[in-house]
Amino acid sequence: MKNKKVIWSVVYIFLGLFVMTLGYFTYYLMFRSKEVVNSTYNLRHDVLSKRVIRGDIISADGIILAETIIDEDGEEIRSYPYNDMYAHVVGRVLRGRTGIEEVENITLLTSDSRSSDALYNDLIGVKNPGNNVVSTLNHKLTKAAYDALGDNRGAVVVIEPSTGKILAMVSKPAYNPNDIEKNWDKLSEDNEDESPLLNRASQGLYPPGSTFKIITTLAYMRENPDYKDYSYKCKGSTEYEGMTIRCSNNRVHGNISLKEAFAQSCNSSFATMGSSIPVDSFRSLCESFYFNKALPARVINNPSRFEMRLGDYSVKEAMQTGIGQGRTLITPLHNAMIAATIANGGIMMKPYVIDRVESSGGRLLKGYVPEEATQVMTLSEVDYLKSLMASVVTDGTAKKLNKLDVKVGGKTGTAQQEGYKSHAWFIGFAPINDPKIAISVIVENKGSGSEYAVPIAEKVLDAYFD
Amino acid sequence: MHVAIELTKYLMIILIGTYTYHGYRVVVKKNKAYQEKSYRWMTFCLFMLHFAGYFSIYIQVPSDKLLLLYGGQVVLFILVITLYMNIYPNISRVLLLNMLMLLAIGFIILTRLSIDKLVRQVLISGFSCTIGLFVPAIMERFKKLRNFGWIFGVLGIGILVLVLLVGDERYGATSWLTVLGIRFQPLEFVKISFVFCIAALFDEGTDFKRICAVTVMAAATVLAIVFQRDLGGALIFFVTYVFILYVATAKSLYLMSGLAAGSLAAWMAYRMFDHVKVRVMAWKNPFGYIDNEGYQISQSLFAIGTGGWLGVGLLQGLPTSIPVVDSDFVFSAIAEELGGFFAICIILIYINCFMIIINISLKHWDNFYCLLSFGFAVMFSFQVFLSIGGVIKFIPSTGVTLPFISSGGSSIITSIIMFMIIQGIFHTGKSEKVNKQHIHKVGEPNEE
Ligand SMILES: [Zn+2]
């Protein structure tokens, strides 16, 4: 028959469609499904928990941060040995999963132990142990940060600059995830306006205060290639149409260079600088640093804000923005990333808290590798900013850190709050020549950065380098 | 009990794997003794798998109703096999077994999803198989039917227009008709008359004037379906027509221009109709619209992903979280509870059916039957592709049922009758051959 060949060509077309369907199905099951089923919208998580004992969450130094234990009645209980210390970053399972417990929920509820025992357990319906999640968190650092914060409200974030590993993330006030059921009503009502459930480290939005002068400096450097010849005569304050911006403690800095202005955190010169930078280039610089968008991290976070844009700002606001006031807001995690980016030669790494997944027998199932987010600065810009940040410790507002054995670079900040005491900031990294850690500290409504944030950073750095 | 559930899960995967293997072996190996052995294996796997499925459900939710339904289905399968094989010894046994296997899988999963719908499904299947028994005989008896191509075509359009005028709306599509209290989807039946009409008309000739006239009629049919807002259905009719036209004329220009026109129409539909845009949106980013448009496809992906390769076991998953899981999304329910391997075997069984039907088309001496079986092969497999491709997010979901497995009376009747027409063609092809051989043998001595 003449159309046999034609029929065969149609057969190939349809076989092609079927092969592609089979291929896509296989691809989905092999490579995509794990990520998809982890969604909190998937109602099947509870089905899995009937077959698997939830795995452990372990710190980088091998300490169990969350585990499932069986009580006398044979009931499974999720236990957090360090109570409220890891409440936000490790998270909880009851009353809405959060933290690592949420992000790696399916991982913890999947058992990949391949022993014959596991197969037998599966058959007779005995639960198998789930996979363990090993985090990047360092217990020693976390404890130091937790203790140093004391009873203050605030947060500490520590990042390894070269990888983006989050070594510590503490937020206070916290809550005890072991007693979440008992205390839920009180916690969720939050009568004292303390927001203990909020992870301030990644969700709390604060005016960056003088820590933002790093960005202002960079923007100024890009607009003025002769920035090294900068000089300014500080009279203790600067005025514009009835608004006065004063230098802290009413100091008059006199004739100063850019380095001195940075080290002394001279508000007058930075406010003037801020008003001189074209607003669109200021904005695009900030957005290259991940302002106004979600951070590239598998940690729940609120986007930091840089509100000024062409047609929607005033000179007054530009001056305030130059010193980190105004409408600009940032999360402590984001500020730590900025310090880490300078420490890492201008390359911003994606921050992450999960290092690897292991089967209950310790077999490596999945390792997370460091990923570059973006390169935001040139090496020469980084070198100059580093020298500025070094002078803050040697001659400036963070002198307390000078007595440490390790050379530190950083920037303090005092974010003023109308009607309340200021938020105290410090961001920095150490050692200055070969940075191992970057840190961001905020203490709410306490006072100046040098007085309240720097000592906390000192304790954490001490714990790391001693 | 848990042991039993787990073991039957593995057993079912082994059984369907063995079944699929033999289904392909029969096609490849021409040796009668081998084939016979494979048929026995396939029959064994069919009944064992059916038993294992019901066993697994029964030990979890025992009830007498379940036993009764199981017994009824077994009787149905035995009756179909013995009656069909005795009355029409020349029909394709693989195709018959594939049909029963797919029905059995549908029964098992429907037992788990909705027992009320199952009862209906079993009754309609029994009814359809009874009617199907007469189909090959009718085809032999009324060979003149092929002379009424135009009438079939116009009748099809008439029915579709009637649905547009007095049909009921369900799931956003106006494609239901209620007659004497029975609600059905006339579109399903038009599928058969449409292919029949096109094959008959092109069998008579393929001059340009005729092609134009037939194309206008086919376009009217497709448009009537578009107006019912059933885009999957329209797509199936369109693709079937373009491919029959291509095979009947052997001119690739027709295929190319047909597909080009189809792409243009799809693009226009995307721009003009919101419900098309929504489907494409939900396909591109189901999790972005998970609360509304993307809900169904997201739940489907959760089901398949959670089931993994081995499945979670019957009654152990949450397939009912997917809206209309028993009809359009039944494949996801199967993948969730019976596993990815099982689901792949189902796709392979459908491909097996496609190959066998195409094979009939390739070998048949009668051009009309050749076109008819080819048309059914394309229509059947394209529907399978749309249905499975849609629920696994390979293509946008078009809301198409999975033949033999999805619940739905009209769909089941049509699928069974379509397969029985194909069996009828197979039967005539073989019996004619036997007759010719017979004549030849009788004539032999005379020549010597
Ligand atoms: Zn000053």
*Could you give the dipole magnitude of the stretch B:145-271 about its Cα centre, charging the beta-carbon of Lys and Arg +1 and that of Asp and Glu -1, in debye to the nearest 20?*
140 debye
*Just B:121, B:423, B:316 to compare: in a GNM of chain B, with alpha carbon springs under 10 Å, which one fluctuates most?*
B:316
*Each label point is 7 Å from the Cα along the Cα-to-Cβ direction; what then is the distance between the points at residue A:231 and residue B:40, in nm?*
10.7 nm
*Under-5 Å amide H pairs with residue A:365, H placed in peptide plane, nonlocal only*: A:357, A:358, A:359
*First compute the accessible area of the protein assembly as shown with a 1.4 Å probe, then give the percent of it belonging to carbon and sulfur atoms.*
57 percent
*So which residues in the stretch A:8-22 end up with at least 40 square angstrom less accessible surface once the other protein chains are there, compared with the chain by itself, probe 1.4 angstrom?*
A:10, A:11, A:14, A:15, A:17, A:18, A:21, A:22
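What average number of partner chain Cβ atoms lie no more than 10 Å from the Cβ of the residues making up A:30-39?
Numbers: counts 2, 0, 3, 9, 2, 1, 9, 8, 2, 6.
Per residue, the average neighbour count from other chains is 4.
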*For the stretch B:281-297, what does the Karplus curve 6.51 cos²θ - 1.76 cosθ + 1.60, with θ = phi - 60°, yield as ³J(HN,Hα) per residue in whole Hz, taken in order and with x for Gly and Pro?*
4, 5, 6, 5, 9, x, 6, x, 10, 4, 6, 10, 4, x, 4, 4, 5
*Apply the Debye scattering formula to the stretch A:140-199, with a single equal point scatterer on each alpha-carbon and no solvent, then give log10 I(q)/I(0) at q = 0.22, 0.25 Å⁻¹.*
-0.91, -1.02
_Peptide-level mean, for B:331-342, of C-beta atoms on other protein chains within 10 Å_ = 1
_Around residue B:203: net Lys/Arg minus Asp/Glu count, Cβ-Cβ under 10 Å_ = -1
*How large is ³J(HN,Hα), in whole Hz, for each residue of the stretch A:271-287 in order, when computed from phi with the Karplus curve 6.51 cos²θ - 1.76 cosθ + 1.60 and θ = phi - 60°, using x for Gly and Pro?*
5, 5, 4, x, 6, 8, 8, x, 5, 5, 6, 4, 5, 5, 4, 4, 5
_Using a Debye calculation, one point per C-alpha and no hydration shell, please list log10 I(q)/I(0) for the stretch B:94-133 at q = 0.16, 0.28, 0.30, 0.33 Å⁻¹ in order._
-0.40, -0.95, -1.01, -1.07
*For the stretch B:1-129, what is the charge dipole size about the Cα centre, in debye to the nearest 20, if Lys and Arg each add +1 at the Cβ and Asp and Glu each add -1 at the Cβ?*
460 debye
_Alpha carbon convex hull of the stretch A:339-430, volume per residue in cubic angstrom_ = 180 Å³
*Based on the mean of other Cβ atoms within 10 Å per residue, sort peptides A:328-341, A:69-82 so the most packed one is first.*
A:328-341, A:69-82
*Using DSSP to define loop residues, name the GluC sites (Glu not before Pro) in the stretch A:237-300 whose beta-carbon has at most 13 other beta-carbon atoms within 10 Å.*
A:241
*Ordered by packing density, taken as the mean number of other Cβ atoms within 10 Å over each peptide's residues, highest first, how do B:38-48, B:192-202 rank?*
B:192-202, B:38-48
*So between residue B:179 and residue B:61, what do we pick up on full extension, going 0.36 nm a residue minus the alpha carbon distance?*
38.9 nm
*Estimated distance in nm for a label pair at residue B:268 and residue A:315, the labels positioned 7 Å out from Cα along Cα-to-Cβ*: 6.1 nm
*Could you name every residue in the stretch B:297-320 that has 50 Å² or more less accessible surface in the full protein assembly than in its own chain alone (probe 1.4 Å, ligands and nucleic acids excluded)?*
B:302, B:306, B:309, B:318
_In whole Å, what are the extents of chain A along the principal axes defined by its C-alpha atoms, from largest to smallest?_
90, 77, 42
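Do any trypsin sites (Lys or Arg not before Pro) in the stretch A:367-436 lie in a DSSP loop with no more than 16 other beta carbon atoms within 10 Å, and if so, which?
For trypsin sites (Lys or Arg not before Pro) across the stretch A:367-436 that sit outside H, G, I, E and B with at most 16 neighbouring Cβ atoms in 10 Å, the list reads A:407, A:436.
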_Most positive-pole-ward Cα, A:211, A:180, A:201, against dipole of the stretch A:178-222 from beta carbon charges_ = A:211
*asked:* Given a Förster distance of 22 Å, report the FRET efficiency between residue A:436 and residue A:375 from their Cβ-Cβ distance, rounded to the nearest 0.05.
replied: 0.60
*Just from its helices, what would the mean residue ellipticity at 222 nm be for the protein assembly as shown, if runs of 4 or more DSSP H residues each count -39500 (n - 2.57) and the sum is divided by every residue, rounded to the nearest 500 deg cm²/dmol?*
-18500 deg cm²/dmol
*Could you give the distance between the Cα centres of the stretch A:201-226 and the stretch B:376-413, to the whole Å?*
58 Å
_Furthest towards positive pole of dipole, B:296, B:66, B:126, structure part chain B, Cβ charges_ = B:126
*Cβ-derived FRET efficiency at R0 60 Å, residue A:64 paired with residue A:251, nearest 0.05*: 0.75
*asked:* Taking every pair of distinct Cα atoms and averaging 1/r, then inverting, what Kirkwood hydrodynamic radius in Å comes out for the stretch B:145-271?
replied: 15.2 Å
*Distance from a point 7 Å along Cα→Cβ of residue B:114 to each backbone N in the stretch B:325-364: keep the residues under 19 Å and list them by number.*
B:325-337
*Using modelled amide H (1.01 Å from N, peptide plane; none on Pro or chain starts), what sits under 5 Å from the amide H of residue A:90, excluding residues fewer than 5 places away?*
A:100
*Eligible lysines near residue B:117 by straight Cα distance, threshold 16 Å, same-chain separation 8 or greater*: B:65
_If Rh is defined by the Kirkwood formula over all Cα pairs and Rg also comes from Cα, what ratio Rg/Rh do you get for the protein assembly as shown?_
1.12
*Please turn the phi angles of the stretch B:204-212 into ³J(HN,Hα) values with the Karplus equation 6.51 cos²θ - 1.76 cosθ + 1.60 (θ = phi - 60°), one per residue in order, whole Hz, x for glycine and proline.*
6, x, 10, 6, 4, 4, 5, 4, 4
_Kirkwood Rh and Cα-based Rg: tell me the resulting Rg over Rh for the stretch A:87-182, rounded to two decimals._
1.09
_Using only the heavy atoms of the protein chains and a 1.4 Å probe, how would B:175, A:113 rank by accessible area, largest first?_
A:113, B:175
*asked:* Please compute the average number of Cβ atoms from other chains found within 10 Å of each residue's Cβ in peptide B:247-255.
replied: 3
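Probe of 1.4 angstrom, ligands and nucleic acids ignored: what's the accessible area per residue over the stretch B:145-271, in square angstrom?
48 Å²
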_Calculated P(r) of chain B - Cα pairs past 27 Å, %_ = 55 percent
*At what distance in nm do the modelled label points of residue A:15 and residue A:186 sit from each other, each positioned 7 Å from its Cα along Cα→Cβ?*
7.2 nm
*Dipole size in debye (nearest 20) for chain A around its Cα centre, Lys and Arg Cβ +1, Asp and Glu Cβ -1?*
1420 debye
*asked:* Just to confirm a number: summing +1 for Lys and Arg and -1 for Asp and Glu over residues other than residue B:370 whose beta-carbon lies under 9 angstrom from that of residue B:370, what do you get?
replied: -1
*Whose amide H sits under 5 Å from the amide H of residue A:65, counting only residues 5 or more places off or on another chain, with H placed in the peptide plane?*
A:57, A:58, A:59
*Area hidden from solvent between A and B (accessible, protein heavy atoms only, 1.4 Å, total, Å²)*: 4400 Å²
*Answer with one residue from B:197, B:166, B:250: the one whose Cα lies farthest towards the positive end of the charge dipole of the stretch B:145-271, charges on Cβ with Lys, Arg +1 and Asp, Glu -1.*
B:250
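The values are calculated or read from the model by the stated rules, or taken from the named source; none is laboratory data. Since this is a predicted model, take the numbers as computed values, not measurements. Virtual Cβ from ideal backbone geometry, glycine too; neighbours counted across all protein chains shown. Quick note on the areas: whole protein, heavy atoms, side chains included, nothing else; ligands and nucleic acids left out. Shrake-Rupley method; radii C 1.70, N 1.55, O 1.52, S 1.80 Å.
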